[in-house]
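Taking it in order: structure first as structure tokens, then the write-up.
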Amino acid sequence: MSLPIALGAVVGALVLLVTGVYWAGSQLPATRSAKASVAIHSPPENIMAVLRDVASQPAWRPDVLSVEIHSTDDWTEQRRGGESIRFRTVARTEQAIELSFVSTRSYFGHWRGQLSGDPKGGLTLLEVEESATVQSPVQRVLARIFFDPEKFSADYLSRLKTEVQRRSNATPHRQGEVERSNGASGIDAKRSQS
């Protein structure tokens, strides 16, 4: 086989591969959503305080290198691998927070967290839902291969729970004692992806 024929075969194969990936990506939905929940033995206000303290996230989230605060409701996360994600608070109450985000990796979306608790039992349920839209068909394929939103949400909630409990254990009660966790379970199995 001569060099021009071999080169033509390689170029043809690459064109077919790129075309196939583009076609496959165009058949995938542009938006993916994931839901997850976690039960935390802490009052809702303690959980909301950690959610709103975005400047501290590099201390408890290894995927976040730094956070640049633009205002109370506007900040940018610098992530490992060179990605930046800009977040804006869309709505916030004592029991819920909703964020919009835009990534330098060409996706955007919304994140919502809803707290519900049992004041007598001290257990608070945090339910989160995130949706992200990837417009490029090629990037949709890559996102399906390299990013699992359920795993990401489970990891985030696990780290959030650990941070809330760490802060609760560091806060003395009125009697001067320190609150101890009662060993609540980790991430609930209530997750779904669409």
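The values are calculated or read from the model by the stated rules, or taken from the named source; none is laboratory data. Because the structure is a prediction, the values reported are computed rather than measured. Virtual Cβ from ideal backbone geometry, glycine too; neighbours counted across all protein chains shown. In case anyone asks, the SASA skips ligands and DNA or RNA and just uses the protein heavy atoms, side chains included. Shrake-Rupley method; radii C 1.70, N 1.55, O 1.52, S 1.80 Å.
Within segment 182-194, does at least one residue satisfy the condition of being modelled with pLDDT of 65 or more, outside any helix (DSSP H, G or I) and either of a type in the set (S, T, N, Q) or open to solvent by 70 Å² or more (accessible area, probe 1.4 Å) (or both)? First the steps, then the outcome.
Quick first cut of segment 182-194, residues modelled with pLDDT of 65 or more only: none.
No, there is no match, as no residue in segment 182-194 is modelled with pLDDT of 65 or more, outside any helix (DSSP H, G or I) and either of a type in the set (S, T, N, Q) or open to solvent by 70 Å² or more (accessible area, probe 1.4 Å) (or both).
Quick one: Tyr107 ticks every box in (1) under 20 Å from Ala91 (Cα atoms); (2) surrounded by 14 or more Cβ atoms within 10 Å (Cβ to Cβ) except a single one, so which number is it?
Exception for Tyr107: condition (1).
Among helices (runs of 4 or more DSSP H) lying entirely in segment 1-102, which contain 2 or more residues that are within 25 Å of Arg140 (Cα to Cα), open to solvent by 50 Å² or more (accessible area, probe 1.4 Å) and touching a residue at least 12 places away in the same chain (Cβ under 8 Å)? Quick ask: steps written out before the conclusion?
On the way: elements: 3-27, 44-52, 57-60.
Those helices (runs of 4 or more DSSP H) span 3-27.
Is segment 117-135 home to any residue that is touching a Phe, Trp or Tyr at 6+ places or on another chain (Cβ under 9 Å) and not in a strand (DSSP E or B)?
Yes: segment 117-135 contains one or more residues that are touching a Phe, Trp or Tyr at 6+ places or on another chain (Cβ under 9 Å) and not in a strand (DSSP E or B).
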